[in-house]
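Engineer: One structure is given below, represented as structure tokens, and several questions about it will come after.
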Amino acid sequence: MQSDRLILRNDQWYFKSREKTLKGPYDTMEHLQQAVDVYIQCIQAEAEFESSTKEKLKHDELMQIKH
């Protein structure tokens, strides 16, 4: 994660997402990094789900046209 997205305020850590939302607070940098890792995994899973859903919809639409 880019260092300009990490914020230390009142002894609490936060990070800014690409969507410009502030996530936190976290007590330590280690907790922050764990949260960032989980956040990235969730974003990636969401993108994969959306992609597979779009492919399934395309397939279903083609099947309807054939019948």
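Engineer: Identify the residue in the stretch 1-17 that is under 13 Å from the mean Cα position of the chain (by Cα) and at pLDDT 90 or above and, among all such residues, is surrounded by the most Cβ atoms within 10 Å (Cβ to Cβ).
Structural biologist: F15
Engineer: Also, I was wondering about something else. Pairs under 6 Å by beta carbon, first residue in contact (Cβ under 8 Å) with a residue 24 or more places away in the chain and farther than 20 Å from Q44 by Cα in the stretch 2-17, partner surrounded by 16 or more Cβ atoms within 10 Å (Cβ to Cβ) and not aliphatic (A, V, I, L, M), six or more apart or different chains?
Structural biologist: Qualifying pairs under 6 Å: L6/F15.
Engineer: Pick out the one residue from A47, A35 that is touching a Lys or Arg at 6+ places or on another chain (Cβ under 8 Å) and assigned to a helix (DSSP H, G or I).
Structural biologist: So the residue among A47, A35 that is touching a Lys or Arg at 6+ places or on another chain (Cβ under 8 Å) and assigned to a helix (DSSP H, G or I) is A35.
Engineer: May I pose another question? Under 8 Å between Cβ atoms, at least 6 apart or on separate chains: pull out the pairs that start in the stretch 23-48 with a residue that is closer than 10 Å to Q12 by Cα and end on any residue that is surrounded by 10 or more Cβ atoms within 10 Å (Cβ to Cβ) and of a type in the set (S, T, N, Q).
Structural biologist: Correct list of pairs: G24/Q12; P25/Q12; Y26/Q12; D27/Q12.
Engineer: Tell me, which residue of the stretch 39-67 that is among the hydrophobic types (A, V, I, L, M, F, W, C) and surrounded by 11 or more Cβ atoms within 10 Å (Cβ to Cβ) is farthest from Q2 (Cα to Cα)?
Structural biologist: Here the residue is I43.
The values are calculated or read from the model by the stated rules, or taken from the named source; none is laboratory data. Predicted, not measured: the structure shown is a model, and the values here were computed from it. All Cβ positions, even for glycine, are placed from backbone atoms using ideal geometry, and neighbour counts span all protein chains on display.
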